[in-house]
């Protein structure tokens, strides 16, 4: 009886061996920092001096006390806009380019390398270079617009509250479009050619092939890219800080949760004091939002995945 039980449930030790290192790394770099942040969020602590226990006071302060609640919801709104526009400009365009390049057109390998090249660059470098290019006086963007007779469209892209956030989002999408492109392209190339050939023999157009064959079969990749995009945009900090500073200038029009967290935790050079306890409360809220939305989206999309 015991022999049969062992045969039914063999001990696959190699799986445990491979999981343990990843589990240790995840615990050290994700679980432990979250627990420390949650503990700090229950205290009023400025980094030096005694830690004063306030319970959930920091969370109440975040959602109810001005100006913190106003700045928090303003930053959250910008993060949502960041995600939505990125999904359209970066991921949707990346999907279209992946479908085109999957046709094995001449020079597709060169295009893949060109599109992926910005991903290898530092966000700080990209932000600084685009800040120069978007300069209202001698920036490349406005010079090109004036040269082609579109001078009326030239504007202070980073100095106008109506365009600053969109400009940053487009810069971020320009840098990262190569990532979804390669992920989608690899998934499309993994689909058997027989599926596409059968559809075209039946008279399906390229639009119908993409809609009813390509997209459903690469849904796991789309889900993964969507979740990573959500995590990345919710944690956006570098590009905003480089191009518009810690205040999300102009007039907080580019302020995101990352810059809001930085100000609340570490203060500013203008004398605004930081509070690591309050900043930890912001970090905990950010983590929980990312966790809940990512898990929910994963559960929803798994129901619609197609096996082949």
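The values are calculated or read from the model by the stated rules, or taken from the named source; none is laboratory data. Since we're looking at a predicted model, the values are computed, not measured. Methodologically, a virtual Cβ is constructed for each residue, glycine included, from the backbone with ideal geometry; neighbour enumeration extends over all protein chains shown.
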Residue list for the stretch 1-44, filter: assigned to a loop (DSSP other than H, G, I, E, B) and modelled with pLDDT of 90 or more: 41, 42
Scan of the stretch 109-134 for residues that are part of a loop (DSSP other than H, G, I, E, B) and within 18 Å of the chain's Cα centre (by Cα), ordered by number: 121, 122
Single residue of 116, 111, 83 found to be without any contact (Cβ under 8 Å) to a residue 40 or more places away in the chain and either in contact with a strand residue (DSSP E or B) (Cβ under 8 Å, 6 or more places away or on another chain) or surrounded by 13 or more Cβ atoms within 10 Å (Cβ to Cβ) (or both): 111
Members of the stretch 236-246 that are surrounded by fewer than 20 Cβ atoms within 10 Å (Cβ to Cβ) and either in a loop (DSSP other than H, G, I, E, B) or touching a strand residue (DSSP E or B) at 6+ places or on another chain (Cβ under 9 Å) (or both): 237, 245
Given (1) over 23 Å from residue 239 (Cα atoms); (2) without any contact (Cβ under 8 Å) to a residue 12 or more places away in the chain, index of the condition residue 101 fails: (2)
Matching residues in the stretch 187-223 - criterion: being closer than 30 Å to residue 236 by Cα and either at pLDDT below 90 or not in a helix (DSSP H, G or I) (or both): 218
Cross-chain or 6+ apart pairs with Cβ under 6 Å, the stretch 120-137 first and on the phi < 0 side of the Ramachandran plot, then surrounded by fewer than 16 Cβ atoms within 10 Å (Cβ to Cβ) and part of a helix (DSSP H, G or I): 123/238; 133/140
Test result for residue 184, under 20 Å from residue 250 (Cα atoms), in a helix (DSSP H, G or I), modelled with pLDDT of 95 or more and in contact with a helix residue (DSSP H, G or I) (Cβ under 8 Å, 6 or more places away or on another chain): no
Contacts under 8 angstrom Cβ, first residue in the stretch 68-79 being in contact (Cβ under 8 Å) with a residue 12 or more places away in the chain and at negative phi, partner surrounded by fewer than 16 Cβ atoms within 10 Å (Cβ to Cβ) and in a helix (DSSP H, G or I), 6 or more apart: 72/63
Condition check for residue 47: in a loop (DSSP other than H, G, I, E, B) and either surrounded by fewer than 13 Cβ atoms within 10 Å (Cβ to Cβ) or touching a helix residue (DSSP H, G or I) at 6+ places or on another chain (Cβ under 8 Å) (or both): yes
Residues of the stretch 247-297 that turn out to be surrounded by 15 or more Cβ atoms within 10 Å (Cβ to Cβ) and either at positive phi or in a helix (DSSP H, G or I) (or both), as a count: 29
